[in-house]
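Remarks on the structure that follows.
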Amino acid sequence: MSLLLGNTAPDFTIDSTAGQINFHEWAGDSWVFFFSHPADFTPVCTTEMGRTAQLAKEFAERNTKPLGLSTDTVEEHVKWIEDVNDTQSCDLQFPILADAEHKISQLYEMIHPGESETAAVRSVFIVDPSKKIRLTMTYPMSVGRNFDEILRVIDALQCGDEHRCALPADWRKGDAVIIPPSISNNEAKGLFLNGWDEIRPYLRTTRL
Ligand code: BEZ
């Protein structure tokens with residue numbers, strides 16, 4: 001069964017570089033950036049792990065915990081982290097799940113046989129504090145993910161939740177937001193105190 005937006009992220013318990021992790025308990029009241037990798041000691045993965053470690057402060061500012069997964073063992077992960085730190089000038093502190101038996105990558109449909117029968121593709125699951133899946137992305141093995149976009153969508157999801165707004169193309173924190181069509185002008189008066197521009201009745205933008 002496919003994991004759809006709004007589904008509860010399946011819970012699991014598995015070894016990681018930070019000891020055994022029960023996903024829901026470990027996530028607690030945080031958002032989670034859960035991302036998978038084909039294998040340890042591979043070049044694209046090394047840059048992605050390094051970038052995530054370099055962005056530790058940015059994830060923390062968004063109350064978001066990174067959680068990596070690679071289909072290798074804890075021992076291999078620990079050796080690989082030394083290389084990641086060395087080559088990417090970082091100090092990788094977030095846990096990496098050791099999914100050598102593919103239990104979690106199968107649960108989360110991270111194995112795409114068209115790419116590889118055994119290694120996970122580059123999946124992203126953004127999970128909110130109620131453990132709902134709020135965003136998914138799937139990249140092929142050959143293309144590293146865009147971490148500006150990952151931070152941007154976390155900002156967008158959190159902004160939408162807080163202000164009941166929607167976010168336009170290429171939105172970034174501080175830009176104008178959209179008043180969703182489900183909110184009437186009457187209700188919008190009480191929610192968006194800066195007023196709004198009505199470009200069309202269905203396209204209203206405002207500043208928070
Ligand atoms: C990489 O991370 O560089 C990679 C992994 C598997 C296939 C292709 C590239």
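The values are calculated or read from the model by the stated rules, or taken from the named source; none is laboratory data. If you're wondering where the values come from, they're calculated on a predicted model, not measured in any experiment. Cβ atoms come from the backbone with ideal geometry, glycine included; neighbour counts cover every protein chain shown. Note: areas computed on protein heavy atoms with side chains; ligands, DNA, RNA excluded. Shrake-Rupley method; radii C 1.70, N 1.55, O 1.52, S 1.80 Å.
Side notes on the structure shown:
- Selection from region 2-47 of residues that are open to solvent by 40 Å² or more (accessible area, probe 1.4 Å), closer than 15 Å to VAL74 by Cα and of a type in the set (Gly, Ala, Ser): ALA18
- Residue that is farthest from the ligand (Cβ to nearest atom) [pool: residues in region 134-151 that are in a strand (DSSP E or B) and aliphatic (A, V, I, L, M)]: LEU135
- Subset of region 90-133 [closer than 14 Å to HIS37 by Cα, outside any strand (DSSP E or B) and among the hydrophobic types (A, V, I, L, M, F, W, C)]: ALA100, ILE104, MET110, ALA119, VAL121
- GLY50 being surrounded by 19 or more Cβ atoms within 10 Å (Cβ to Cβ), in a strand (DSSP E or B) and within 16 Å of the ligand (Cβ to nearest atom): no
- Within region 104-123, residues that are assigned by TED's automatic domain parsing to the domain that holds PHE41 and within 10 Å of the ligand (Cβ to nearest atom) sit with their Cβ atoms under 7 Å from residues that are in a loop (DSSP other than H, G, I, E, B) and hydroxyl-bearing (Ser, Thr, Tyr), at 6+ positions apart or across chains, in these pairs: ALA119/THR71; ALA120/THR71.
- Exclusive hit being in contact with a Ser or Thr (Cβ under 7 Å, 6 or more places away or on another chain) and open to solvent by 50 Å² or more (accessible area, probe 1.4 Å), set GLU162, GLU198, GLU115, GLU109: GLU109
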